[in-house]
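Accompanying notes for the structure given below.
The values are calculated or read from the model by the stated rules, or taken from the named source; none is laboratory data. None of the values given here were measured: they were computed from a predicted structure. Counting neighbours? That spans all protein chains shown, and the Cβs are built from the backbone with ideal geometry, glycine included.
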Amino acid sequence: MCLIFQVHLDYLDAGANIILTASYQATIQGFVAKGLSEEEAESLLRRSVEIACEAREIYYDKSTTGSWDYIECGNISRRPVLVAASIGSYGAYLADGSEYSGKYGDSVSLETLKDFHRRRLQILLKSGADLIAFETIPNKLEAKAYAELLEEGGINIPAWFSFNSKDGINVVSGDSILECVSIADSCKQVVAVGINCTPPRFIHGLVLSIRKATSKPILIYPNSGEAYDAELKQWTRFRS
């Protein structure tokens with residue numbers, strides 16, 4: 001049994017309704033740079049979804065009270081569990097801390113980002129996931145790239161957009177959170193918008209700001225309070 005499979009099971013045993021695939025930082029370009037073929041890279045992306053789906057099935061097959069805790073019309077049935085295919089930002093692939101700054105440089109255009117993400121999105125869409133989770137989106141340009149990819153592909157499974165902030169006002173690049181959320185709001189495939197990878201102290205204000213720009217459900221999953229040091233490439237406890 002692989003570690004990732006067990007982690008999914010642990011989350012399900014703890015009551016999770018959504019499990020995220022281990023694909024946030026998995027990219028075709030990154031795997032190829034490590035010596036894998038494109039076919040092998042695509043297979044690993046598919047496998048990330050398969051592992052999560054297998055964990056869900058094993059969980060449902062277990063004879064535990066936690067597997068049967070959803071009551072509908074007086075009948076006990078399986079708690080619904082969704083598999084979300086995780087897609088990290090271009091900065092996550094660069095692994096230079098830019099996913100926490102949103103500063104990609106002038107050479108990175110909208111088309112650059114769309115070309116980078118397109119094939120990975122196509123693979124994950126066809127792998128059996130219930131929805132796509134675009135996580136830790138650091139700037140408006142990448143949000144727009146995601147929205148255009150969703151719209152150009154005629155995609156019919158739902159997605160969520162989750163941004164990150166370091167000041168509680170804007171996303172980490174300095175782009176307006178309202179403008180970023182508006183992009184998500186205008187994309188019909190996006191069914192929820194939210195915040196992740198952000199200090200807890202900023203969450204309340206950001207939720208209020210997000211609500212001004214969308215009526216879609218808001219999701220939040222903040223950090224536990226650390227700050228990321230891009231030079232040391234490690235998390236450190238925030239000091240006020």
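Scanning the range 159-212 for residues that are of a type in the set (S, T, N, Q) and within 26 Å of residue 105 (Cα to Cα) gives 162, 164, 165, 170, 173, 176, 182, 196, 198.
Beta carbons closer than 7 Å, at least 6 apart along the sequence or on distinct chains, pair a first residue in the range 1-30 that is in contact (Cβ under 8 Å) with a residue 60 or more places away in the chain with a second that is surrounded by fewer than 18 Cβ atoms within 10 Å (Cβ to Cβ) and in a strand (DSSP E or B) for 17/82; 18/82. Any idea which residue in the range 187-208 is surrounded by the most Cβ atoms within 10 Å (Cβ to Cβ), counting only those that are part of a loop (DSSP other than H, G, I, E, B) and in contact with a Ser or Thr (Cβ under 9 Å, 6 or more places away or on another chain)? Step by step, filter the range 187-208, then rank; the result is 198.
Select, from 96, 106, 185, the only residue that is modelled with pLDDT under 95 and more than 25 Å from residue 48 (Cα to Cα).
Of 96, 106, 185, the one residue that is modelled with pLDDT under 95 and more than 25 Å from residue 48 (Cα to Cα) is 106.
Listed here are the residues, each with its yes/no results for (1) in contact with a Cys (Cβ under 9 Å, 6 or more places away or on another chain); (2) surrounded by fewer than 20 Cβ atoms within 10 Å (Cβ to Cβ); (3) of a type in the set (A, V, I, L, M).
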residue: 80; (1), (2), (3): no, yes, no
residue: 97; (1), (2), (3): no, yes, no
residue: 118; (1), (2), (3): no, yes, no
residue: 126; (1), (2), (3): no, yes, no
residue: 131; (1), (2), (3): no, yes, yes
residue: 141; (1), (2), (3): no, no, yes
residue: 146; (1), (2), (3): yes, no, no
residue: 150; (1), (2), (3): yes, no, yes
residue: 158; (1), (2), (3): no, yes, no
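For the range 82-120, enumerate the residues that are assigned to a helix (DSSP H, G or I), touching a residue at least 12 places away in the same chain (Cβ under 8 Å) and under 28 Å from residue 235 (Cβ atoms). The answer is 90, 91, 92, 93, 98, 99, 100, 113, 116, 117, 120.
In the range 209-240, of all residues being over 24 Å from residue 132 (Cβ atoms) and of a type in the set (A, V, I, L, M, F, W, C), the one that is surrounded by the fewest Cβ atoms within 10 Å (Cβ to Cβ) corresponds to 232.
Check the range 58-73 and report whether any residue there is buried (at least 20 other Cβ atoms within 10 Å of the Cβ), modelled with pLDDT of 90 or more and in a helix (DSSP H, G or I).
Yes; the residues of the range 58-73 include at least one that is buried (at least 20 other Cβ atoms within 10 Å of the Cβ), modelled with pLDDT of 90 or more and in a helix (DSSP H, G or I).
If you filter the range 160-182 down to residues that are farther than 16 Å from residue 103 by Cβ and crowded, with 24+ Cβ neighbours inside 10 Å, you find that the one that is nearest to the chain's Cα centre (by Cα) is 161. Here residue 188 fulfils each of the conditions (1) within 15 Å of the chain's Cα centre (by Cα); (2) at negative phi apart from (1). Can you name every residue in the range 171-182 that is touching a Phe, Trp or Tyr at 6+ places or on another chain (Cβ under 8 Å) and assigned to a helix (DSSP H, G or I)? Those that are touching a Phe, Trp or Tyr at 6+ places or on another chain (Cβ under 8 Å) and assigned to a helix (DSSP H, G or I): 177, 180, 181.
The residues in the range 209-240 that are over 13 Å from residue 162 (Cβ atoms) and assigned to a helix (DSSP H, G or I) can be counted, and the count is 4. Within the range 9-57, the residues that satisfy the criterion of being assigned to a helix (DSSP H, G or I) and of a type in the set (Ser, Thr, Tyr) are 11, 43, 48.
Looking at 116, 134, just one residue is at pLDDT 95 or above and closer than 18 Å to residue 189 by Cα, and that residue is 134.
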